[in-house]
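The values are calculated or read from the model by the stated rules, or taken from the named source; none is laboratory data. Computed from a predicted model, the values in this text were never measured in an experiment. Quick reminder, even Gly has a Cβ in these numbers, built from the backbone with ideal geometry, and neighbours come from all protein chains shown. Just so you know, the surface numbers come from the protein's heavy atoms only, side chains and all, with ligands and any DNA or RNA stripped out. Shrake-Rupley method; radii C 1.70, N 1.55, O 1.52, S 1.80 Å.
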Amino acid sequence: MTQQELRAAVAREMPGVRAGLERLVRIPSVAFDGFDHAQVDRSADAVADLLRGCGLDTKVVRSGGRPAVIGRRAAPPGAPTVMLYAHHDVQPAVDRSLWTNGDPFEPQERDGRLYGRGTADDKSGIMAHVAALRAFGDDLPVGVVVFVEGEEEYGSHSLRGILREHLDDLRADVIVIADSTNWDLGVPALTTSLRGEVNCFVEVRTLESAVHSGIYGGPAPDALTTLARLIATLHDADGNPVVDGLGGYDHATLDYPEERFRRQAGVLDGVHLIGSGGIAARNWTKPSISVLGLDALPTGAAPNALVPVAKAKIGVRVAPGDDAGAAWQAIRAHLEKHVPWGAQLTVTLELTGEPTTLDATGPAFDAARAALRDAWDGTDPVDMGLGGSIPFIADFRAVLPDAVIMVTGAEDPYSRTHSPDESLDLSEFARICLGEAFLLHNLAIADQRRDPDQNEGEHKEKA
């Protein structure tokens, strides 16, 4: 198909693609414990139906966790195989009062954006894959493996088992992970570095039980004050992490203006940004430490009593080039060293995820940049970092070491992923669908430019 034919085909398919996205968003596919996992099963079945409708040999699989979906179509002779990754599980949306329309799982369009949990992260990735496949129909120029995971937001606990048990179905020359963001509205991007993560629980105990705050307050330390002082040791006065052993570097290839960051992050007027160095470095190439949650009595029910035990969830984003296991050891050692007043301390690891740096060179990336440039009508894509994490990239590298991995996505800096009023810009979504169709077309051409004998030998070896 020519580029003009692809443009027309993608435009023709977009109404149905949007309808499919809305159907997926209406399924509250939260993989976390305590939620209805029958909805995750329902979501997997819906994804499988979409892939079968694209002519893929499709199955729902699991390895002790939530269901994933694998759809495959063999490559034409001499053509590469491309894995298209997304995930169908979503973040919880517990407090519906924080959503403008009151229902996070009922999609609603406002001002050119589609609102709803999963519209951006990552059901848009699923439907971008479907859009490209529908556009080609029977004329798909490459082999495809569509892999849609069912517990990415929950930590991808069963992913390694799925990769191991279904490796033959997942083999590919290029892996496209549609789970990231673009640089800005109107400016596409390839994500070339991501931070890793360490989440842990920190509990301090100072008293056997709650006691009268007047009779015992003063000499006896309460657990909340103790925990607050311990947390405060994690940063210096400017907000830089001060945990010995955490890596990072003050360098990023793009200028990230402070005013733009403040606007996109929703930082309130008068609130200072923390840390030092460039914004991009602070967000992409340096570690960060945040308090993600706190267990203590709610203020409305708190008596005049000293709190005996308090617990916090600490999130550490690990800089590219660092090691998540070493970062965990460093944060634990710091907490044990700095716990105030001899309080009893328990530090428990929840999860770790490795950071990623991608070598964004070579024919596949040339094909991707050309595809995005054409889809955005001549706007060059940028290579950007991401402060977030996609830890499973390390697992893909381990089992498919020769595959080229690239990270794209339909999100933008205003998508509010993981937050109330998550949304997707519909015009940008149409561009990412078109860009993926162009990418598959370009990858077929790029592969054919190699020596035909080498191509044939490689495919015979893989077979």
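Between a first residue in segment 381-401 that is closer than 18 Å to Glu411 by Cα and a second residue that is part of a loop (DSSP other than H, G, I, E, B) and of a type in the set (Asp, Glu), which pairs have beta carbons less than 8 Å apart while being 6 or more apart in sequence or on different chains?
Close Cβ pairs (under 8 Å, with a partner that is part of a loop (DSSP other than H, G, I, E, B) and of a type in the set (Asp, Glu)) amount to Ile390/Asp179.
Test each condition in (1) at negative phi; (2) out of contact with any His (no Cβ under 8 Å at 6 or more places or on another chain) for Ala31 and report the one that comes out false.
For Ala31, the exception is condition (2).
For segment 176-187, check the following and say yes or no: at least one residue is within 30 Å of Leu230 (Cα to Cα) and in a strand (DSSP E or B).
No - not one qualifying residue is present in segment 176-187.
Just the residues that are closer than 17 Å to Val176 by Cα, aliphatic (A, V, I, L, M) and not in a strand (DSSP E or B), please, taken from segment 127-153.
Met127, Ala128, Val130, Ala131, Ala132, Leu133, Leu140, Val142
Quick one: Phe35 ticks every box in (1) open to solvent by 40 Å² or more (accessible area, probe 1.4 Å); (2) in contact with a Phe, Trp or Tyr (Cβ under 6 Å, 6 or more places away or on another chain); (3) hydrophobic (A, V, I, L, M, F, W, C) bar one, so which box is it?
Condition (2) is where Phe35 drops out.
Do we find that Thr357 is over 11 Å from Pro188 (Cα atoms) and among the polar types (S, T, N, Q) in this structure?
It is true that Thr357 is over 11 Å from Pro188 (Cα atoms) and among the polar types (S, T, N, Q).
For segment 51-72, how many residues meet the condition of being surrounded by fewer than 17 Cβ atoms within 10 Å (Cβ to Cβ), in contact with a Ser or Thr (Cβ under 6 Å, 6 or more places away or on another chain) and part of a helix (DSSP H, G or I)?
The total comes to 1.
Here's the yes/no breakdown for (1) in contact (Cβ under 8 Å) with a residue 40 or more places away in the chain; (2) more than 22 Å from the chain's Cα centre (by Cα):
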| position | (1), (2) |
| --- | --- |
| Trp99 | yes, no |
| Phe105 | yes, no |
| Asp111 | no, yes |
| Thr119 | yes, no |
| Asp138 | yes, yes |
| Pro141 | yes, yes |
| Leu163 | yes, no |
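For segment 249-260, how many residues meet the condition of being open to solvent by 50 Å² or more (accessible area, probe 1.4 Å) and touching a residue at least 12 places away in the same chain (Cβ under 8 Å)? Step through it out loud before you land on a result.
So in segment 249-260, the residues open to solvent by 50 Å² or more (accessible area, probe 1.4 Å) come out as 249-251, 253, 255, 257-259.
Of the ones still in play, those that are also touching a residue at least 12 places away in the same chain (Cβ under 8 Å) are 249-251, 253, 255, 257-258.
Total meeting the criteria: 7.
Residues checked against (1) over 27 Å from Phe32 (Cβ atoms); (2) crowded, with 20+ Cβ neighbours inside 10 Å; (3) not hydrophobic (A, V, I, L, M, F, W, C):
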site: Gly325; (1), (2), (3): no, no, yes
site: His338; (1), (2), (3): yes, no, yes
site: Thr357; (1), (2), (3): yes, no, yes
site: Asp366; (1), (2), (3): yes, no, yes
site: Asp380; (1), (2), (3): yes, no, yes
site: Pro391; (1), (2), (3): no, yes, yes
site: Asp402; (1), (2), (3): yes, no, yes
site: Ala410; (1), (2), (3): no, yes, no
site: Tyr414; (1), (2), (3): no, no, yes
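In segment 112-135, how many are open to solvent by less than 10 Å² (accessible area, probe 1.4 Å) and of a type in the set (Phe, Trp, Tyr)?
0
Which residue out of Gly325, Gly293, Gly315, Gly353 is under 14 Å from Arg195 (Cβ atoms) and modelled with pLDDT of 95 or more?
Exactly one residue qualifies, and that residue is Gly315.
Regarding Val404, is this residue within 18 Å of Trp284 (Cα to Cα) and modelled with pLDDT of 95 or more?
Spelling it out, it is not the case that Val404 is within 18 Å of Trp284 (Cα to Cα) and modelled with pLDDT of 95 or more.
Checking the conditions here, which among Ala333, Ala281, Ala312 is touching a residue at least 60 places away in the same chain (Cβ under 8 Å) and surrounded by 15 or more Cβ atoms within 10 Å (Cβ to Cβ)?
Every option except Ala312 fails the conditions.
Only one residue in Pro401, Pro391 is farther than 30 Å from His235 by Cβ and in a loop (DSSP other than H, G, I, E, B). Which one?
Numbers: Pro391 fails: farther than 30 Å from His235 by Cβ.
Within the list Pro401, Pro391, the selection yields Pro401.
Inspect all residues belonging to segment 285-303 and state whether any of them is of a type in the set (A, V, I, L, M), open to solvent by 60 Å² or more (accessible area, probe 1.4 Å) and closer than 28 Å to Tyr256 by Cβ.
yes
Looking at Arg397, Arg431 in this structure, which one is charged (D, E, K, R), more than 18 Å from the chain's Cα centre (by Cα) and closer than 27 Å to Asn283 by Cα? So that I can check it myself, show each step before the final result.
Working: Arg397 fails: more than 18 Å from the chain's Cα centre (by Cα).
Selected residue: Arg431, the only one of Arg397, Arg431 that is charged (D, E, K, R), more than 18 Å from the chain's Cα centre (by Cα) and closer than 27 Å to Asn283 by Cα.
Only one residue in Ala48, Ala9, Ala75, Ala44 is more than 18 Å from Glu149 (Cα to Cα), open to solvent by less than 60 Å² (accessible area, probe 1.4 Å) and either out of contact with any helix residue (DSSP H, G or I) (no Cβ under 6 Å at 6 or more places or on another chain) or part of a loop (DSSP other than H, G, I, E, B) (or both). Which one?
Details: Ala48 fails: more than 18 Å from Glu149 (Cα to Cα); Ala9 fails: either out of contact with any helix residue (DSSP H, G or I) (no Cβ under 6 Å at 6 or more places or on another chain) or part of a loop (DSSP other than H, G, I, E, B) (or both); Ala44 fails: more than 18 Å from Glu149 (Cα to Cα).
Just a single option satisfies the conditions, and that option is Ala75.
If we scan segment 193-204, do we find a residue that is farther than 30 Å from Leu400 by Cβ, modelled with pLDDT of 95 or more, open to solvent by 20 Å² or more (accessible area, probe 1.4 Å) and not in a loop (DSSP other than H, G, I, E, B)?
Checked segment 193-204: at least one residue is farther than 30 Å from Leu400 by Cβ, modelled with pLDDT of 95 or more, open to solvent by 20 Å² or more (accessible area, probe 1.4 Å) and not in a loop (DSSP other than H, G, I, E, B).
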